[in-house]
1. To make sure I understand the rule: partners must be lysines, Cα under 23 Å from the Cα of Lys146, and not fewer than 8 residues away in the same chain. Which ones qualify?
2. Expected output is a single nm value to one decimal: the length gained when fully extending between Asn15 and Asp34, i.e. 0.36 nm times separation in residues minus the C-alpha distance. What is it?
3. Round to a whole angstrom and tell me the spacing of the C-alpha centers of the stretch 87-111 and the stretch 128-183.
4. Give the order of Thr33, Thr173 when sorted by the count of other beta carbons within 10 angstrom, beginning with the fewest.
5. If one takes the longest principal axis of the Cα atoms in the chain, at what angle in degrees, from 0 to 90 and to the nearest 10, does the Cα axis of helix 232-253 lie?
6. Taking the DSSP beta bridges in the chain as the whole, what percent of them are antiparallel, to the nearest 5?
7. Arrange Arg229, Arg106 by Cβ neighbour counts within 10 Å, fewest through most, would you?
8. Report the gain in length on full extension from Lys256 to Glu125: 0.36 nm times residue separation, minus Cα-Cα distance, nm rounded to one decimal.
Amino acid sequence: MNLPLKITIITAVYNGEAYLEETIKSVLGQSYTDIEYIIVDGLSEDRTPEIIDVYRSRISHIIAEADHSMYEAINRGIKAATGDFLLVLNSDDCLADKNVIHQVVRFVEKHPGCLAYYGNILKREGERMSKRRVFQIDRKHLLYTKHSTLVPHPALFVNRIQSLNKIGVYDLTYRYASDFDYILRLMENGLVKYMNLYVSIFRIHEESITSSGKLDKERMDILNRYENRKSWFVKSFYYFLIWAGYKILNVVANRK
């Protein structure tokens, strides 16, 4: 009889008092119980340590060390992890509902053998919530889009052992867009499968990296590193075709 899958969730945080408690509660409130929760705090100077301390007895590992970037903190979490699959959940995001991890585990058990799995997200801007549904895409076509939007990092479950053996950890060359590089390396080395589940709620706010514009230069550096040599016409054709499909899909999804 196969043992149930163990899921490790890693939250890297620095001065995250505004949203961290909601993140923690969304993990600790899951109906699926075989979850290892790791919080990596970069020596926060606000109320973050106090918030973590409230839930200390229910958090599997707490690492408090200075770091140079979010990805250095995530890598420390990966080093401490013992789960079968890894999910990185940002300190200003949360899981979509209490049954998400249980649903993901059921999907993985029905579709075994993939290097990673990814789902949909919900996007929160202030009080407004909208669906961001994606679909199955391969590495070549993801590069055509010039973004990692279609494989959302906050909805990505990665086989821990296989990923460490095949691609290692996050590249610390990149401070803001290393998840894009990481996803491309996953797709180069194994099957990354889409699951039609809403996994997490991705929060957009003034302090978020997404809003800051800091990742744009790094994203372009990554594209220049990996981009294929197809003609401008071919790349432009697929760019508009894929993004048009994504936009139409989400217009329909948000009307329901």
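Readers should treat all values here as calculations from the given coordinates under stated rules, not as data from a laboratory. Treat the numbers as computed from the prediction; the structure is a model and nothing was measured. Here the Cβ is made from the backbone with ideal geometry for all residues, glycine too, and neighbour counts use every protein chain on show.
1. Here the lysines satisfying the reach criterion relative to Lys146 are Lys123, Lys131, Lys193, Lys214, Lys217, Lys230, Lys235, Lys247.
2. Between Asn15 and Asp34, full extension yields an extra 4.0 nm.
3. Measuring centre to centre over Cα atoms gives 16 Å.
4. Ranking Thr33, Thr173 by Cβ neighbours within 10 Å, fewest first, gives Thr33, Thr173.
5. Taking Cα atoms only, the helix is inclined about 50 degrees.
6. In the chain, DSSP labels about 35 percent of beta bridges as antiparallel.
7. Arg229, Arg106
8. Numbers: separation 131, 0.36 × 131 = 47.16 nm, distance 1.91 nm.
Contour length minus the Cα-Cα distance gives 45.2 nm.
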